[in-house]
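Contents: one structure, followed by commentary.
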Amino acid sequence: MNIAVCIKQVPATESKIKPAEDGLDIDRTGLSYVVNPYDEFGVEEALKIKEQVGEGKVTVISIGSDKTVEALRTCLAVGADEAIHIKDDALAKGDTYITALVLSVALKKGDYDIIFFGRQAIDDDSGAVGIQVAELMGLPHVAGINKFDLNAEGRTAIANRQIEGASEIVETSLPAIFTCQKELNEPRYASLPGIMKARQKPMTVWSLSDLELTAEDCGAEAAKVAIEKITSPPVREAGKKIEGDVPQAVAELVRLLREEAKVF
Amino acid sequence: MDFEGVDFLNLDDAMTLEERMVRGEVRRWVDKEVLPIIAQHFEAGTFPMDLLPKMADINLLGANIDVFYGGAGLNSVAYGLINQEMERGDSGLRSFVSVQSALVMWPISEYGSDAQKAYWLPRMVSGETIGCFGLTEPDFGSNPKGMLSHAHWNGTDYILNGTKMWITNGTISDVALIWAKEDEGIISAFLVEQGNPGFMQNKIKDKFSLRASDTGELVLADVRVPVTHVLAKAKGLKAALHCLDQARYGIAWGAIGAAMACYDTALNYAKQRIQFDRPIAGYQLIQEKLVYMVTEISKMQLLALQMGRLKDQGKLTSVQISMGKQNNVYHALQIARLARDILGANGIMYEHQVARHLCNLESVYTYEGTHDIHTLIIGEKITGLSAFT
Ligand SMILES: Cc1cc2nc3c(=O)[nH]c(=O)nc-3n(C[C@H](O)[C@H](O)[C@H](O)COP(=O)(O)OP(=O)(O)OC[C@H]3O[C@@H](n4cnc5c(N)ncnc54)[C@H](O)[C@@H]3O)c2cc1C
């Protein structure tokens with residue numbers, strides 16, 4: 001069983017994000033980075049499948065700068081077998097489409113039965129890459145899964161996804177792409193010896209030319225989305241507190257909703 | 001919110017990725033496994049036994065021990081960072097790890113035979129066996145040389161008699177490393193197992209400090225110890241002191257963790273607490289306290305990191321470790337007191353952890369060589385004059 005997990009390095013959840021001076025990116029000074037939490041569910045699920053089947057290989061793949069090595073090494077420390085790091089200066093201004101294009105070419109070079117993505121990356125929250133890769137590779141996909149089961153022969157998989165008020169159960173042939181949602185599993189900790197051993201695991205570095213892609217294929221011009229401006233949301237005004245007896249307070253609330261908030 | 005650590009001087013840049021990853025994993029582990037339960041254990045005066053298999057899972061025990069015996073084989077900085085993060089949780093928990101790793105596993109790996117290492121170390125890495133270190137006696141604390149515990153050789157076995165006091169993990173340990181004087185007066189190390197006839201492990205109750213750590217009194221009345229249980233290479237008080245060096249090194253890092261927890265709590269509290277219509281963090285007297293805290297934490301980090309680098313080069317001396325233990329615990333204690341003050345009445349509540357750290361650090365200040373004893377060690381080194389007697 002060959003499993004690939006595409007991961008992204010993102011600013012840590014607790015980071016305070018503000019726009020950069022040029023308004024086209026976020027200010028990255030002093031940020032600490034982590035593996036996108038949704039991608040961690042993918043890594044964990046891949047490791048569980050490998051343990052369950054008793055054989056196989058888990059490959060983690062990421063596009064990013066030199067710093068991305070840390071995210072990949074973290075996944076190797078948790079138990080992934082090898083890593084592929086795609087880095088190229090031309091990729092700095094890409095959008096989800098470019099990311100998906102590059103990943104789909106890279107994934108085609110491997111022979112993967114299952115490909116996991118996070119449901120979304122917690123930095124830009126696009127939730128697009130996994131699905132776009134499925135489209136570009138012509139593979140079936142199930143998005144936002146919270147349960148995964150391999151059938152006995154390992155030729156199909158059954159995945160659950162939460163939909164409005166119900167759970168949808170999808171069976172698909174393999175190879176297929178799955179994007180992972182919370183509740184899928186509980187990602188394990190890296191063992192301390194695992195961290196020390198991660199450095200010895202293989203890490204392949206590919207540039208665009210290794211993927212037979214060009215800077216024109218993947219630069220700002222090829223992107224489908226152009227960022228015009230990144231701004232902070234307006235600061236919310238303080239709420240109003242209505243004091244007093246409940247019957248009077250309710251009457252006052254209704255009056256305010258009608259006259260000030262104009263909701264009805 | 002996840003704990004982010006304190007790094008005013010960009011010292012992260014002076015650490016390797018592996019070192020930062022080890023810290024990150026233990027930090028996450030402490031947030032999830034320790035912080036939600038530790039106040040209850042402190043209040044109840046119990047050691048959180050449930051954490052033991054979880055610690056073993058990520059290989060927290062014996063992280064400094066050779067991978068051959070199941071340890072994680074970490075370098076000294078990574079090992080130090082584990083201590084830091086554990087003590088950010090609770091000094092009692094860090095004490096457990098220090099004793100298990102530095103005061104029992106380390107001596108076995110340093111002074112034990114291959115058979116002893118192969119028998120004990122894997123069991124201790126997995127948490128199946130808990131160890132304790134018995135040096136201090138009721139009448140001999142700072143001056144262990146005078147110990148009364150005695151090991152008489154009867155021709156086939158050693159017969160141990162004596163009392164050990166204030167022993168961390170004392171009643172929960174399966175094996176005690178006991179220091180006792182042989183007939184000729186040489187201090188030696190013996191492994192005494194729980195249940196050994198004549199060996200009693202009594203709990204010391206009613207502590208206000210290190211309440212989530214087990215502290216015991218060990219009584220040995222004609223306890224028979226076979227030669228298989230003697231650490232043959234541990235001869236003389238200096239062997240015991242060498243073990244303490246390992247643990248004191250970890251304490252110097254641990255103190256940073258407790259200090260960070262207090263600083264972090266005080267800073268967040270001061271920014272939110274409004275008095276006289278402004279956050280108290282805006283008042284000069286509060287800022288002065290917070291600035292003292294972050295400055296001292298940064299200096300503690302520098303000291304610890306340099307000690308770690310020296311240790312890995314085999315150059316770290318005992319007296320340098322004394323400086324690290326003494327300085328870092330002293331300032332951690334001051335920081336805990338100031339944090340307690342900044343939190344006002346809330347500072348005395350379990351909910352806010354600073355009082356727990358403050359109480360704990362009072363023990364840390366005393367054990368593994370009191371603050372003043374380390375002063376005398378450094379004083380002797382720089383003046384050439386001993387002020388002990
Ligand atoms: C919670 C806890 C856990 C512990 N765990 C362990 C353990 O696992 N194993 C173990 O062996 N021990 C352990 N200890 C014991 C600890 O190491 C001793 O308490 C410590 O060494 C001090 O000894 P003492 O308490 O007898 O104090 P004393 O030695 O009596 O010292 C009392 C005071 O006198 C001062 N003093 C002593 N001599 C001099 C001098 N020459 N000049 C100036 N001042 C001096 C000291 O600094 C101190 O202020 C633990 C203690 C505590 C509190």
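Could you tell me whether any residue of region B:284-295 is within 13 Å of B:ALA259 (Cβ to Cβ), within 16 Å of the ligand (Cβ to nearest atom) and either in contact (Cβ under 8 Å) with a residue 12 or more places away in the chain or out of contact with any Pro (no Cβ under 7 Å at 6 or more places or on another chain) (or both)? Scanning region B:284-295, I find no residue that is within 13 Å of B:ALA259 (Cβ to Cβ), within 16 Å of the ligand (Cβ to nearest atom) and either in contact (Cβ under 8 Å) with a residue 12 or more places away in the chain or out of contact with any Pro (no Cβ under 7 Å at 6 or more places or on another chain) (or both), so the answer is no.
Listed by position, the helices (runs of 4 or more DSSP H) inside region B:80-177 whose residues that are over 30 Å from B:THR265 (Cα atoms) number at least 2 are B:106-111, B:114-125.
Out of B:LEU81, B:LEU17, one residue alone is closer than 25 Å to A:LEU31 by Cα, aliphatic (A, V, I, L, M), surrounded by fewer than 20 Cβ atoms within 10 Å (Cβ to Cβ) and within 14 Å of chain A (Cβ to nearest Cβ). It is B:LEU17. Is there a residue being without any contact (Cβ under 8 Å) to a residue 12 or more places away in the chain, more than 12 Å from the ligand (Cβ to nearest atom), of a type in the set (D, E, K, R) and surrounded by fewer than 21 Cβ atoms within 10 Å (Cβ to Cβ) anywhere in region B:178-186? Looking through region B:178-186, at least one residue is without any contact (Cβ under 8 Å) to a residue 12 or more places away in the chain, more than 12 Å from the ligand (Cβ to nearest atom), of a type in the set (D, E, K, R) and surrounded by fewer than 21 Cβ atoms within 10 Å (Cβ to Cβ).
If I filter region B:35-55 for residues that are surrounded by 19 or more Cβ atoms within 10 Å (Cβ to Cβ), assigned to a loop (DSSP other than H, G, I, E, B) and facing chain A (nearest Cβ under 9 Å), do I get at least one hit? Within region B:35-55, not a single residue is surrounded by 19 or more Cβ atoms within 10 Å (Cβ to Cβ), assigned to a loop (DSSP other than H, G, I, E, B) and facing chain A (nearest Cβ under 9 Å).
Can you tell me which residue within region B:20-34, out of those that are in contact (Cβ under 8 Å) with a residue 24 or more places away in the chain and more than 9 Å from chain A (Cβ to nearest Cβ), is surrounded by the fewest Cβ atoms within 10 Å (Cβ to Cβ)? Of everything passing the filter in region B:20-34, B:ASP31 is surrounded by the fewest Cβ atoms within 10 Å (Cβ to Cβ). With the condition kept exactly as written, say whether any residue in region A:93-111 is in contact (Cβ under 8 Å) with a residue 40 or more places away in the chain, farther than 28 Å from A:LEU208 by Cβ and surrounded by fewer than 23 Cβ atoms within 10 Å (Cβ to Cβ). No, region A:93-111 contains no residue that is in contact (Cβ under 8 Å) with a residue 40 or more places away in the chain, farther than 28 Å from A:LEU208 by Cβ and surrounded by fewer than 23 Cβ atoms within 10 Å (Cβ to Cβ).
Of the residues making up region A:206-233, those that are among the polar types (S, T, N, Q) and either exposed (fewer than 12 other Cβ atoms within 10 Å of the Cβ) or part of a helix (DSSP H, G or I) (or both) are A:SER209, A:THR231, A:SER232. Do we have any residue at all in region B:353-360 that's touching a Lys or Arg at 6+ places or on another chain (Cβ under 9 Å) and charged (D, E, K, R)? So far as region B:353-360 goes, yes, one or more of its residues are touching a Lys or Arg at 6+ places or on another chain (Cβ under 9 Å) and charged (D, E, K, R).
In this structure, B:VAL99 qualifies as in contact (Cβ under 8 Å) with a residue 60 or more places away in the chain, in contact with a strand residue (DSSP E or B) (Cβ under 6 Å, 6 or more places away or on another chain) and buried (at least 18 other Cβ atoms within 10 Å of the Cβ).
Filtered by the rule that a residue be surrounded by fewer than 16 Cβ atoms within 10 Å (Cβ to Cβ) and either within 16 Å of the ligand (Cβ to nearest atom) or touching a residue at least 24 places away in the same chain (Cβ under 8 Å) (or both), region B:141-155 gives B:SER142, B:ASN143, B:LYS145, B:GLY146, B:LEU148, B:HIS152, B:TRP153.
B:LEU316 satisfies every condition listed in (1) part of a helix (DSSP H, G or I); (2) within 20 Å of B:GLU368 (Cβ to Cβ) except (1). Picking from residues in region A:189-227 that are in contact with a strand residue (DSSP E or B) (Cβ under 8 Å, 6 or more places away or on another chain) and polar (S, T, N, Q), the one that is farthest from the other protein chains (Cβ to nearest Cβ) is A:SER207. Among residues that are buried (at least 16 other Cβ atoms within 10 Å of the Cβ), within 11 Å of the ligand (Cβ to nearest atom), outside any strand (DSSP E or B) and not assigned by TED's automatic domain parsing to the domain that holds B:GLY308, B:ARG248 is not included.
The values are calculated or read from the model by the stated rules, or taken from the named source; none is laboratory data. Just so you know, these numbers come straight off a predicted model, no measurement behind them. Neighbour counts run over all protein chains shown; Cβ positions are idealised from the backbone, glycine included.
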